[in-house]
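Note sheet for the following structure.
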Amino acid sequence: HVCRLLGPRLSPLLFIRPSFWPHISGDPMSGGVLRTPRQVPVPPLNPQSLKAAQALTLNDEVAQILNGLKLEKSFFMDRIKQEPLQELAPPCPPELSNGDMSDNLKAQRRRDNLMRSQRRRGTVLGMGGMGPTATLHGTGNLGNTGKLCQKTALDFDIYLNEAVMPVLAQALDALCRQLTRMGMQGNDLDPKVRARFNPLTWLAQQLLRRHPKCARTPRRHLLYKNFKDWSDYEKGRREMLRLREEVHEVFAHFVLRGGVAFETMWDVVISIDDTFKLEGQLKGSVELERALKGIGVTKDWLHRFQPGVSWSFDEFWYHFGNTVMKNDLVPYSLILRGLARRQQEQQEAKDWQEKLALAETERQVEEEQKRQRIQQYSVLYEQLMADPQILAMMNEGKILTGDDVRPGDIGYEFEIPPHGRHIQLLADFLVLAGIEGAKLKDNVSACSSLPPTAPSASKTTGLLRSAAKAQHLEGAEGERYWDDDLAGAWTTLQRVHRVELCDGVVDGAVLQQVLVPPIGFNLLRGKVEYELERKEEDGGNTIDELAGFLDQQKTGEKPSMEQLAIRLGMTMSRLEWLHKLFESFLEPEVPGGPAPCCMYPEMPASLNKEQVRALVKEVEPTLSAAQFDARYKRIDQDHSGMIEFDEFAHWIHSSDVQIAGNATMKMNFEELAHRYQEPLDLIMYLHSCFQDQLPDGCVDNYPDDPVGLPKQEAIFLAGILTPGFDQEEFAANFELVDDGSRQSGYCDFDEFVELLDFGELPAEIRNRYESMEN
């Protein structure tokens with residue numbers, strides 16, 4: 001009756017094939033039975049009991065419907081299309097098929113190559129691209145309705161079985177029972193009721209009443225939850241197989257000598273789980289562990305599951321993919337949650353990189369300000385050291401109190417006049433040191449070229465005890481006086497140097513401490529800034545504690561494994577694998593002794609240059625000897641000749657470790673000497689040699705206006721300075737420097753120094769300049 005009455009209209013309305021409907025065998029009016037496509041009988045209706053009890057209760061009929069339909073997982077799986085899963089099935093690799101490559105594998109590799117080329121062009125954005133998509137694979141643009149509809153069409157059968165099938169099956173069964181009741185009542189049924197009965201309207205009402213949103217009983221909630229869970233795992237199964245290319249990228253991180261060792265396979269699975277944020281669903285799977293350990297495989301394949309055997313990705317994917325196909329491993333909802341977490345982490349990493357870039361910009365601005373201050377202080381330092389009043393305080397024991405002491409007064413011979421050029425120089429020094437109180441009240445800096453003015457009549461108290469007299473000195477108009485502001489600013493320097501009496505009086509002992517050479521001025525300014533902050537907070541660390549803090553900042557602490565993984569964007573599984581690889585190259589202190597271990601970060605071990613060379617060959621076998629030496633020199637910042645694990649991890653993570661410096665920001669000579677731990681006189685001698693090698697008429701005003709030296713001239717000069725140098729290695733290092741150089745084919749002085757091997761300098765040159773430093 002259902003097929004005859006509703007078939008032509010129901011099929012296009014509900015997007016479901018007629019073969020899915022329950023059908024009737026026999027005559028329902030004469031006791032016929034309802035049957036599902038699997039021929040599962042439904043208990044027949046009893047007309048006598050219907051009349052006696054005025055129809056069964058609703059709950060009993062629901063129980064009969066559910067028991068008769070048997071809406072179990074087998075019902076769900078029988079109606080799922082197998083074609084999408086068969087297309088995603090992994091082909092058998094050559095290692096398991098006597099070396100023959102199947103047509104399926106060839107087609108799969110063609111698809112992989114096409115996918116990689118599209119990914120490079122940016123036309124495909126899947127999980128690897130981390131795009132905010134409605135689907136995970138094959139589309140990264142919500143506006144691209146064609147791809148979205150194609151992905152939706154692929155899994156439309158799952159949607160029908162989750163959202164439509166359990167509701168429709170119950171509604172059709174109930175409709176058949178209603179028709180049976182109406183037939184049993186015969187002439188007893190009101191003709192008007194029979195005339196008003198519309199099967200489509202009745203079926204629509206049943207679909208609305210049985211919608212999962214309207215489910216109110218635990219039994220129906222459990223029914224719809226089961227269908228939702230089955231659909232979730234089925235979509236997850238297909239999605240994991242569609243992520244083949246992304247899994248391949250994870251697999252490639254563990255490749256050594258063209259393959260991955262059998263004993264490392266579980267590390268690959270852990271890394272896949274961590275990469276897709278699957279919350280341990282894969283690494284906790286017993287089925288996957290058995291498949292990758294070869295439990296239950298045929299004898300012909302047992303030789304592939306032995307330690308030392310190297311697997312290709314095709315072989316790994318064959319076992320991994322077949323296990324995913326046969327078992328419910330990962331639900332689709334978990335993959336979506338993992339994608340959301342990856343997008344969040346990617347955004348956090350992007351924000352972190354932006355903060356680092358901003359911090360780097362601020363650092364460069366600060367460095368430029370420091371250099372400008374050093375330039376200003378260099379000029380001021382020469383003027384201070386040439387001023388006779390300043391020299392009198394430093395060498396003759398005179399002091400500056402601010403008192404206007406006249407000839408004949410007691411202590412006149414020990415006093416420095418409270419006005420004059422030396423006062424302006426000291427005021428300039430205090431402002432440059434960062435003490436704002438030394439500026440003039442009209443906001444004109446003491447370093448300004450504008451003419452300073454004498455203090456007003458109100459400044460007659462405090463540390464300047466006789467300033468009122470000084471205002472009326474002949475010839476003193478327009479000069480800066482040692483007033484309360486300058487005396488108060490000087491007390492800051494006295495506190496920095498822990499003077500017992502901080503009274504604003506300038507004497508030779510404090511002058512000799514504060515008038516440091518230009519190279520130490522930034523350190524002095526840093527101490528002043530700290531003292532001002534401490535004073536502003538009314539408490540805090542002492543200068544000794546500050547020194548300890550600076551020492552701690554200088555030494556630094558090693559980041560933990562978790563912090564290192566976050567900084568490098570690695571999974572913990574891969575970082576631990578690199579750590580095991582690093583440990584395997586450690587040599588015992590005593591031949592034949594126990595194998596050493598690296599307890600990073602508390603007690604990190606280190607490798608020498610030759611050990612690192614052997615280790616890097618395992619990961620980057622194509623790296624030439626010259627490239628290795630150049631990169632090693634760049635990584636070994638402290639020139640200790642040893643590499644610790646975090647430095648090695650940074651090396652492996654970076655695909656472009658260059659030895660070139662910053663082309664826009666040049667270190668001065670003092671910084672170069674500190675960078676290479678060499679005497680300043682030796683750096684200056686090298687610069688004079690560099691200048692002599694330039695063409696006639698060229699002057700190298702390094703670091704402000706550097707001039708580059710051509711490559712051949714640099715090689716010639718290196719041969720003179722270091723007779724034993726390797727010209728081929730120098731040329732290879734020059735190419736690396738040239739990639740980030742200011743001028744292609746040329747090297748500036750700092751780049752030439754970086755290329756130079758100080759260990760090859762002649763002994764007489766090194767001894768001469770080391771003795772000069774001593």
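The values are calculated or read from the model by the stated rules, or taken from the named source; none is laboratory data. Note that the structure is a prediction, hence the values are computed from the model and not measured. Cβ coordinates were reconstructed from backbone atoms using ideal geometry, including for glycine residues, and neighbour counts include every protein chain displayed. Accessible surface areas use protein heavy atoms only, side chains included; no ligands, DNA or RNA. Shrake-Rupley method; radii C 1.70, N 1.55, O 1.52, S 1.80 Å.
Tell me which aspartates and glutamates have Cα within less than 12 Å of LYS293's Cα, excluding those fewer than 8 residues away on the same chain?
The qualifying aspartates and glutamates are GLU263.
Dividing the alpha-carbon radius of gyration of region 301-430 by 2.2 N^0.38 Å (N being the number of residues), what value is obtained? Kindly include the intermediate steps, with their values, before the conclusion.
On the way: Rg = 37.6 Å, N = 130, 2.2 N^0.38 = 14.0 Å.
Normalised by 2.2 N^0.38 Å, the Cα Rg of region 301-430 equals 2.69.
Would you calculate the convex hull of the Cα atoms in region 682-774 and tell me its volume per residue in Å³? Could you put the intermediate results ahead of the total?
Details: hull volume 9.5 nm³, N = 93.
Given the Cα convex hull of region 682-774, per-residue volume reads 102 Å³.
Order of 402-415, 568-581, 495-508 by packing, highest average Cβ count within 10 Å first? Walk me through the numbers before you get to the answer.
On the way: 402-415: 14.0, 568-581: 17.8, 495-508: 16.2.
The most tightly packed comes first, giving 568-581, 495-508, 402-415.
Subtract the Cα-Cα distance of ALA204 and ARG495 from 0.36 nm times their separation in residues, and report this length gain in nm to one decimal.
Details: separation 291, 0.36 × 291 = 104.76 nm, distance 8.92 nm.
Between ALA204 and ARG495, full extension yields 95.8 nm more.
Taking a probe of 1.4 Å, how large is the accessible area per residue of region 267-351, in Å²?
Values: 4030 Å² over 85 residues.
Per residue, region 267-351 has an accessible area of 47 Å².
Give or take rounding to whole Å, what are the principal axis extents of the alpha carbon atoms in region 153-286, in descending order?
Principal-axis extents of the Cα atoms in region 153-286, largest first: 86, 30, 21 Å.
Can you return the aspartates and glutamates within cross-link range of LYS355? Criterion is Cα-Cα under 13 Å, with same-chain partners fewer than 8 residues away left out.
Here the aspartates and glutamates satisfying the reach criterion relative to LYS355 do not exist.
Quick check on packing: order 511-521, 78-88, 154-164 by the mean number of other C-beta atoms within 10 Å, highest mean leading.
Numbers: 511-521: 16.0, 78-88: 13.8, 154-164: 18.4.
For the peptides 511-521, 78-88, 154-164, the packing ranking is 154-164, 511-521, 78-88.
Got a sec to turn the phi values of region 201-216 into Karplus ³J(HN,Hα) couplings, 6.51 cos²θ - 1.76 cosθ + 1.60 with θ = phi - 60°, whole Hz, x for Gly and Pro?
Result, ordered by residue: 4, 5, 5, 4, 5, 5, 5, 5, 5, 9, 4, x, 5, 9, 5, 10 Hz.
Measure up LYS81/LYS213; LYS81/LYS228; LYS580/LYS617 against 19 Å on the Cα-Cα distance and list the ones that go over. Intermediate values should be presented prior to the final figure.
Working: LYS81/LYS213 26 Å; LYS81/LYS228 17 Å; LYS580/LYS617 16 Å.
Over 19 Å Cα-Cα: LYS81/LYS213.
What Kirkwood radius, in Å to one decimal, follows from the Cα pairs of region 662-732?
Details: mean 1/r = 0.0749 Å⁻¹.
Across region 662-732, the inverse of the average 1/r is 13.3 Å.
Could you tell me what a quarter of the Cα convex hull surface of region 254-317 works out to, in nm² with one decimal place?
4.4
Quick check on my link table: of LYS277/LYS558; LYS70/LYS225; LYS370/LYS666, which ones sit more than 19 Å apart, alpha carbon to alpha carbon? It would help to have the intermediate numbers written out before the result.
Details: LYS277/LYS558 27 Å; LYS70/LYS225 15 Å; LYS370/LYS666 13 Å.
In this structure, LYS277/LYS558 exceed 19 Å between Cα atoms.
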